[in-house]
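One structure below.
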C-alpha cells in the first residue's frame with residue numbers, strides 16, 4: 001500500500017512538473033495531457049503502437065537490470081542492441097530457410113553475437129580490471145561505426161539508400177504481415193473493425209519474446225543457484241569471493257546474459273518492425289532508455305516490464321502533442337525526462353510520506 | 001566546562017524502543033563511560049545528544065543546567081559538543097589540516113582559505129595535548145590511531161567542551177590504545193568532559209570515573225568505577241553473572257593436520273608481506289597467533305584460504321597440498337574460516353539469513369537440483385542451525401544486516417562448523433562483540449577443539465590469545481618470531497609483557 005502510494009506520488013508530481021515545463025514553453029498543459037491520454041489509449045492501433053514501442057525498451061531495461069543485480073553497470077546496452085539488430089538484419093537477409101528454421105536461427109545467432117559483445121566488457125573487467133562503464137561506452141561507438149560500415153558493404157547495402165537490404169520475408173516476426181493486405185485479409189478485416197485497427201501497425205511476436213525474457217530473468221535471479229551466486233557477487237564481492245564463487249567468471253557470464261537481452265531487443269526490432277538497419281548518425285537511444293527503464297523498475301524483471309511499457313506509452317503519446325499543438329519535440333523530451341526524473345527519486349517522497357504518517361498518528 | 005543531563009529520553013523506531021526513558025547525568029570534567037551490549041541503545045542515545053536524532057516527546061536535555069533542544073549536529077557543535085564516530089568521517093585524499101578546518105575554514109580578506117592561521121591554531125592545540133601530528137600529511141597515509149587523533153582535534157578546533165567517543169579503541173593496536181588513554185587523561189586535565197561508549201571492561205577501569213550501564217534500551221544504573229569490579233560491570237551489562245575466565249581443560253593434541261612451510265606472499269603493494277612463514281597445527285589444539293595489526297596477518301589468512309596468490313611455499317591439510325588451489329577447493333578440503341571482517345567478507349549483508357547459511361554450498365545437493373534452488377531444504381538446514389546456535393531473532397527470512405553483531409558472528413560460526421572442517425582459522429573472532437557473545441564464541445571454539453579440530457586463532461587482542469590458546473606463536477613482519485608452549489603460558493608470571501616483547505620485535509634466543 002505504502003509502496004503503491006509512493007509510486008503514485010512520484011508519477012503525479014512528475015506529471016505536475018512536466019506540466020510546468022509545458023506551461024513555460026507556452027503549451028497548454030492540461031490539453032496536452034488530454035491529447036496524450038487519448039493519443040495513447042483511445043484507439044486499438046494506438047495501443048498496438050505502444051506495445052511495439054515498448055518491446056525493445058522492456059528488453060534493454062531487463063538487460064541493464066540484470067547486470068545491475070551482479071553489481072555491473074551496463075551502459076553498453078546501446079551497442080549490444082546495435083550488434084543484435086545488425087546480426088539479425090544480415091543473417092535475416094542472407095539465409096533462405098523456411099520460417100520455422102529461419103526465425104529461431106537468426107534470433108539465436110543475434111543473441112549469441114550480442115552476448116559475446118556484452119561478455120567482452122565483462123571479461124575485460126574480470127581479466128584486466130577495465131571498468132565496465134568505460135569499456136561499454138567505447139563498445140557502443142565501436143558497434144555504431146561497425147554497423148555503419150557493414151550497412152555500406154557490397155551485397156548487403158541497398159542501392160541508392162542509406163540502409164541495408166530488407167530481411168527475407170521468412171525472417172519476419174510481424175503478425176499477418178502479407179495476409180492483412182491481401183484480398184482475403186482486407187475482406188475479413190472489413191468486418192472486424194477493432195482487430196483491423198489493432199493490426200494496422202506492425203504488431204509482432206517481439207512482445208511475447210520480451211515477456212518470455214522477463215520470466216527467464218526472474219527465474220534465473222530467484223530460483224537458480226546461478227542467480228544466487230550472481231546476486232552474491234553483486235551484493236558483496238568480497239563475501240562472494242571468500243565463499244568460493246568464481247567472481248570473474250560470474251561477471252563475464254552476467255554481462256553475456258545482459259548483452260544477449262539487449263541484442264534480443266535489436267533483433268526483434270529488426271525482425272518485427274524496421275526490417276533492415278540504417279546508417280546511424282548517432283545512437284538511437286534504445287539502450288540508454290533501458291537504463292531509465294531499469295531504474296524506474298527498481299532493477300527487477302517485472303518492474304522493467306511495467307516501466308518499459310510506461311516509457312513506451314509516454315514516448316508514443318508524446319509525439320501526439322507535437323503534431324496537435326505544434327510543440328517542439330525537445331520540449332516533449334524534456335517533459336518526459338522530468339517525469340522519469342521524479343519517478344527515479346522516490347527517496348524524497350518516502351521521507352515525505354513518513355512525515356505525513358507521523359503527523360497522522362499524532363492526531 | 002560543560003555538564004550534561006538527560007531526563008526521560010526515549011527513542012522509538014517503528015515499534016522498537018531503542019531508548020526507554022533514560023536518565024543520565026554527566027558532571028563537567030569527568031570521564032563518563034556508557035556501557036552496554038551491542039544493540040543496547042548506546043549509539044542511539046549519543047546520536048540524540050549530538051542532534052542526529054530527536055528524542056520522543058517528553059525527553060529533556062540540559063547543558064550546564066539549561067534546558068536545550070538539540071535540533072542538529074550544527075547546533076550541538078555550537079553548544080560545545082563534539083563527537084568522534086566509530087567509523088571516522090575523514091576525507092582520505094585531504095591533509096590533516098584540511099580535514100580539521102573543513103566547513104569552518106578561516107578566510108583571508110580576499111576570500112581565500114587562510115592556511116597560515118589555521119595551521120598555527122591546529123599546531124597550538126596539537127602541542128597543548130601532545131597530539132604530535134604533522135598537519136600536512138594526507139589522511140590516507142597515516143595510521144588509524146593518528147586518524148583518531150585528527151578526529152579529536154577536529155572537535156577541539158570547534159571548541160568542544162564535551163567530547164563523545166564512540167567505541168574509541170575498537171580499531172586501535174595495543175600501542176595506540178596506550179596513547180589514546182594518555183590523550184584522554186590530558187583532555188580531562190584540561191577540564192573537558194568526556195563520554196566514552198564502550199563494551200570493553202578493562203577500558204572503563206583504565207580511564208573512566210563513572211559508568212552508566214544501559215541494557216535493552218533501559219537505564220540500569222550509574223556506578224563509581226573505582227569501587228566496582230569488572231565482573232560486577234559485566235553482570236550489570238548482561239543482566240546475569242558472566243564468567244570472564246574461559247573454562248577449558250588441558251588440550252590433548254593429536255596428529256599434525258595442518259602444516260605451513262616456507263610460505264611467502266605479497267601484499268597489495270606487491271611487497272613481501274608473509275615471509276618464510278612456518279607453522280604446524282595438531283588436532284585438538286588451539287594455536288594462537290599473537291601480533292600487532294599489520295604484521296602480515298591479513299595476507300597470511302588470505303593466502304591460506306586461496307584469496308591471495310601464494311608466491312612460494314607449501315600448505316598441507318591432511319597431507320594434501322592446497323597451496324595453489326582456489327578458495328572453493330580449499331574450503332572443500334575441510335579448511336574453514338571466520339573472517340576478520342564479517343560484514344565485508346563473512347556475510348552478504350542484504351542476503352537473508354538462510355541464504356547466508358549456504359553461501360558456499362548453494363550449488364550442492366540437497367540445496368539445489370539441476371541448478372534450481374530447493375527452498376525447502378534451505379529452510380530445514382537453516383532452522384537446525386538457528387536452534388543449535390541459538391541465533392536471534394529466530395527468523396531465517398531476515399536480512400543478515402538486521403541482526404546484531406553477535407548473532408551475525410553466530411551465523412558465520414554455524415555455517416563454518418556445519419561443513420565439519422578439520423581446521424578452523426578464527427581471525428579476530430570476537431571483534432566488536434559484547435561480553436555475552438564473546439563468551440559464547442570462546443566456548444564454541446573450545447568445544448570444537450575438544451572434538452578434535454585444529455584451530456588457528458589470529459587475534460590482535462593479546463588477552464584473548466593468552467586466555468584461549470594452548471600454544472602461542474608470535475608473528476612479526478610476516479614470520480614467526482617466537483613459539484610459546486602451554487607451560488609457559490600458564491606459569492609465566494608476566495606472560496603478557498613476555499609476549500608483548502616479542503610482538504614489539506624482540507626475538508627468542
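The values are calculated or read from the model by the stated rules, or taken from the named source; none is laboratory data. These figures come from a predicted structure and were not determined experimentally. Every residue, glycine among them, receives a Cβ derived from its backbone with ideal geometry; neighbour counts consider all protein chains shown.
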Pick from B:311, B:269: which is in a strand (DSSP E or B) and either over 28 Å from residue B:178 (Cα atoms) or modelled with pLDDT under 95 (or both)? B:311
I'm checking my understanding of the structure. Among residues of segment B:350-370 that are more than 8 Å from chain A (Cβ to nearest Cβ) and under 33 Å from the mean Cα position of the chain (by Cα), which one is surrounded by the fewest Cβ atoms within 10 Å (Cβ to Cβ)? B:352
If I ask for residues that are within 14 Å of chain B (Cβ to nearest Cβ), in a helix (DSSP H, G or I) and in contact (Cβ under 8 Å) with a residue 12 or more places away in the chain, which ones from segment A:240-256 would you list? A:247, A:248, A:249, A:250, A:253
Among the residues of segment B:398-416, how many are touching a residue at least 60 places away in the same chain (Cβ under 8 Å) and crowded, with 21+ Cβ neighbours inside 10 Å? 7
Based on what the data block shows, is residue B:418 within 14 Å of chain A (Cβ to nearest Cβ) and at pLDDT below 95? yes
Applying the selection to segment A:230-239, what residues are assigned to a helix (DSSP H, G or I), crowded, with 23+ Cβ neighbours inside 10 Å and facing chain B (nearest Cβ under 7 Å)? A:232, A:239
Whether any residue in segment B:371-382 is within 14 Å of chain A (Cβ to nearest Cβ) and either assigned to a loop (DSSP other than H, G, I, E, B) or under 25 Å from the mean Cα position of the chain (by Cα) (or both) is what I want to check. yes
Out of segment B:239-266, which residues are in contact (Cβ under 8 Å) with a residue 40 or more places away in the chain, assigned to a strand (DSSP E or B) and either closer than 14 Å to residue B:316 by Cα or touching a helix residue (DSSP H, G or I) at 6+ places or on another chain (Cβ under 6 Å) (or both)? B:257, B:258, B:259, B:260, B:261, B:262, B:263, B:265
Selection within segment A:293-320 - closer than 27 Å to residue A:89 by Cβ and modelled with pLDDT under 90: A:319
Can you report the number of residues in segment A:1-40 which are under 16 Å from residue A:318 (Cα atoms) and assigned to a helix (DSSP H, G or I)? 23
Which count do you get for residues in segment B:188-207 that are crowded, with 24+ Cβ neighbours inside 10 Å and part of a loop (DSSP other than H, G, I, E, B)? 2
Kindly indicate whether any position in segment B:225-236 is in a helix (DSSP H, G or I), farther than 17 Å from residue B:308 by Cβ, free of Cβ contacts under 8 Å to residues at least 12 places away in the same chain and touching a strand residue (DSSP E or B) at 6+ places or on another chain (Cβ under 9 Å). yes
With respect to residue A:71, determine if the residue is surrounded by fewer than 24 Cβ atoms within 10 Å (Cβ to Cβ) and either part of a loop (DSSP other than H, G, I, E, B) or touching a strand residue (DSSP E or B) at 6+ places or on another chain (Cβ under 8 Å) (or both). yes
Given B:447, B:493, which one is in a loop (DSSP other than H, G, I, E, B) and closer than 23 Å to residue B:247 by Cβ? B:493
Screening B:441, B:465, B:480 for residues that are assigned to a strand (DSSP E or B) and more than 23 Å from residue B:332 (Cα to Cα) leaves only B:480
Would you check which residues across segment B:315-332 are at negative phi and more than 11 Å from chain A (Cβ to nearest Cβ) and list them? B:315, B:316, B:317, B:320, B:321, B:322, B:323, B:324
Which condition from (1) at the interface with another protein chain (Cβ under 8 Å from one of its Cβ atoms); (2) in contact (Cβ under 8 Å) with a residue 40 or more places away in the chain is the one that residue B:307 breaks? (2)
If you go through segment B:163-184, how many residues are surrounded by fewer than 17 Cβ atoms within 10 Å (Cβ to Cβ) and modelled with pLDDT of 95 or more? 0
Would you check if residue B:22 is in contact (Cβ under 8 Å) with a residue 40 or more places away in the chain and either in contact with a strand residue (DSSP E or B) (Cβ under 7 Å, 6 or more places away or on another chain) or part of a strand (DSSP E or B) (or both)? yes
Within segment B:341-349, identify whether any single residue is under 19 Å from residue A:230 (Cβ atoms), at the interface with chain A (Cβ under 8 Å from one of its Cβ atoms), in contact with a strand residue (DSSP E or B) (Cβ under 8 Å, 6 or more places away or on another chain) and in contact (Cβ under 8 Å) with a residue 24 or more places away in the chain, and answer yes or no. yes
Looking only at helices (runs of 4 or more DSSP H) that lie completely in segment A:143-227, which have at least 1 residues being touching a residue at least 60 places away in the same chain (Cβ under 8 Å)? A:193-198, A:206-223
Residues satisfying the stated conditions in segment B:162-179, i.e. under 18 Å from residue B:126 (Cβ atoms) and over 16 Å from the mean Cα position of the chain (by Cα): B:163, B:179
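Rundown of residues vs (1) away from chain B (no Cβ under 14 Å); (2) crowded, with 21+ Cβ neighbours inside 10 Å; (3) under 30 Å from residue B:353 (Cβ atoms); (4) touching a helix residue (DSSP H, G or I) at 6+ places or on another chain (Cβ under 6 Å), yes/no style:
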| site | (1), (2), (3), (4) |
| --- | --- |
| A:181 | yes, no, no, no |
| A:184 | yes, no, no, no |
| A:192 | yes, no, no, no |
| A:197 | yes, no, no, yes |
| A:201 | yes, no, no, yes |
| A:204 | yes, yes, no, yes |
| A:211 | yes, no, no, no |
| A:217 | yes, yes, yes, yes |
| A:223 | no, no, yes, no |
